[in-house]
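Let me begin by presenting the structure, written as C-alpha cells, before commenting on it.
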Amino acid sequence: MATQPTKLTLIPREPSSSRATRRLRRSGRVPGVIYGGGADPLPFEVDERELRHALAARGAVLELAIDGTSTPAVLKDAHHDAVRGTTLHVDFLRVRLDVAIHATVVLDLVGGEDAPGVREGGVLEQVTREVNIEALPGDIPEVVQYDVSGMQINETVTLAAVTPPPGVKLLDDPDETVIATLVPPTLDIDAEEEAMEEETERVGEGAGDLEGSAADAGDVPATAGDAQTE
C-alpha cells in the first residue's frame, strides 16, 4: 500500500571547496545533489537532523521542496562517517510516481526461533539479505518478509517461496537465489580436542601415580634382620 511522501526542505548551494564543505558539516548541515528526471544535477544542503528523521520515516519516496518547487525523489546514495555514523553526503534521484523503478530492499526473515529445525538444535543461516525489486516509487516497501517458522533441518529455501507485497516484482532469479538454509548442529572441534587432551592428561597422571607407588614399594629399606643375615 502506497504511503504519503515525507516532505524535506532543501536549500540550493553552489559547488564549493573541501574546506567549505567541512565547515558546512560542522554547522549541522549535509551537502547533497539531486539527479535525474531529465533536469540538470542540483547541489543542495539540508539540516542533518531533518534529513535523519526524513530517511527514518515510512516509505521510500520523499517530497523535496527546493527553490520554490517540489519534486518526488528517492534516496540514491548516502555516505556516512565510519566512526560517528553521521551523514556526510546524500544523493537523491528524481522520480515519476506513475513510472516503476528498480530498488534494493532488505529481506527480513521472521519466525526463526519457532522453526522445528531450530528447536532441534539446527542453525538457521540467512544467505540473501537484500533483494532487487521493481515497483512504483510509492509502492516500494521498507522490507520484504519471509516466514521461516516451518523450516526443518537440512531444508533450503529459495526466492521462489517468497510472496512479494502487492505491486512489487522480484527481479532476482527465483530458483537460483537461496535466501536461507537450516543446517544440522555442528560439533565444536576445538572443544572436543581440548576435552580429549584433558582426559589424556588425567589418564597419564593416574598412570604416573601408580608407577611412583610401585617404585616406592621397591625401595623399602633393609630391616635389622636382613642386615644380620648378610
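The values are calculated or read from the model by the stated rules, or taken from the named source; none is laboratory data. The structure displayed is predicted, hence computed values, not measured ones. Virtual Cβ from ideal backbone geometry, glycine too; neighbours counted across all protein chains shown. Side chains are part of the model used for accessible areas, which takes the heavy atoms of the whole protein and leaves out ligands, DNA and RNA. Shrake-Rupley method; radii C 1.70, N 1.55, O 1.52, S 1.80 Å.
Scan the range 2-24 for residues that are open to solvent by 70 Å² or more (accessible area, probe 1.4 Å), touching a residue at least 40 places away in the same chain (Cβ under 8 Å) and of a type in the set (S, T, N, Q) and jot them down. Result: Gln4, Thr9. State whether one or more residues within the range 25-33 are closer than 27 Å to Pro165 by Cα and surrounded by 15 or more Cβ atoms within 10 Å (Cβ to Cβ). The answer is no, given that none of the residues of the range 25-33 is closer than 27 Å to Pro165 by Cα and surrounded by 15 or more Cβ atoms within 10 Å (Cβ to Cβ). Scan the range 42-57 for residues that are open to solvent by 20 Å² or more (accessible area, probe 1.4 Å), in a helix (DSSP H, G or I) and touching a strand residue (DSSP E or B) at 6+ places or on another chain (Cβ under 6 Å) and the total you get is 1.
Consider the range 151-169. How many of its residues are buried (at least 19 other Cβ atoms within 10 Å of the Cβ) and either aromatic (Phe, Trp, Tyr) or not in a loop (DSSP other than H, G, I, E, B) (or both)? Result for the range 151-169: 2.
Starting from residues that are among the charged types (D, E, K, R) and closer than 18 Å to Glu50 by Cα, keep the ones in the range 80-101 and report whichever is most open to solvent (accessible area, probe 1.4 Å).
Taking the range 80-101 as the starting set, the residues that turn out to be among the charged types (D, E, K, R) are 81, 84, 91, 94, 96, 98.
Filter again for closer than 18 Å to Glu50 by Cα, leaving 81, 84, 91.
Working: Asp81: 46, Arg84: 198, Asp91: 21 Å².
Among those that are among the charged types (D, E, K, R) and closer than 18 Å to Glu50 by Cα, it is Arg84.
Please list, ordered by residue number, the strands (runs of 3 or more DSSP E) wholly in the range 85-127 having 1 or more residues that are under 18 Å from Tyr146 (Cβ atoms).
On the way: elements: 87-94, 101-110, 123-126.
Filter on the range 85-127 gives 101-110, 123-126.
The residues of the range 135-164 that are under 22 Å from the mean Cα position of the chain (by Cα), under 15 Å from Thr104 (Cα atoms) and not acidic (Asp, Glu), listed by number, are Ile140, Pro141, Val143, Val144, Gln145, Leu159, Pro164. Which residues, taken from the range 58-79, are loosely packed, with under 14 Cβ neighbours inside 10 Å and in a loop (DSSP other than H, G, I, E, B)? Correct list: Arg58, Asp67, Gly68. Checked against the criterion of being touching a Phe, Trp or Tyr at 6+ places or on another chain (Cβ under 9 Å), part of a loop (DSSP other than H, G, I, E, B) and under 20 Å from Ile140 (Cβ atoms), the range 24-38 contains one or more residues that satisfy it.
Condition check for Glu130 on (1) in contact with a helix residue (DSSP H, G or I) (Cβ under 7 Å, 6 or more places away or on another chain); (2) within 30 Å of Pro43 (Cα to Cα): one failure, at (1). Taking the criterion of being open to solvent by less than 50 Å² (accessible area, probe 1.4 Å), in contact with a strand residue (DSSP E or B) (Cβ under 8 Å, 6 or more places away or on another chain) and without any contact (Cβ under 8 Å) to a residue 60 or more places away in the chain, the residues of the range 107-125 that qualify are Val110, Gly111, Gly112. Quick test of your reading of the structure: Thr104 fulfils all but one of (1) open to solvent by 70 Å² or more (accessible area, probe 1.4 Å); (2) modelled with pLDDT of 95 or more. Name the failing condition by number. Going through (1) open to solvent by 70 Å² or more (accessible area, probe 1.4 Å); (2) modelled with pLDDT of 95 or more one by one, Thr104 breaks only (2).
Of all residues in the range 137-150, those being modelled with pLDDT of 95 or more and open to solvent by 20 Å² or more (accessible area, probe 1.4 Å) number 5.
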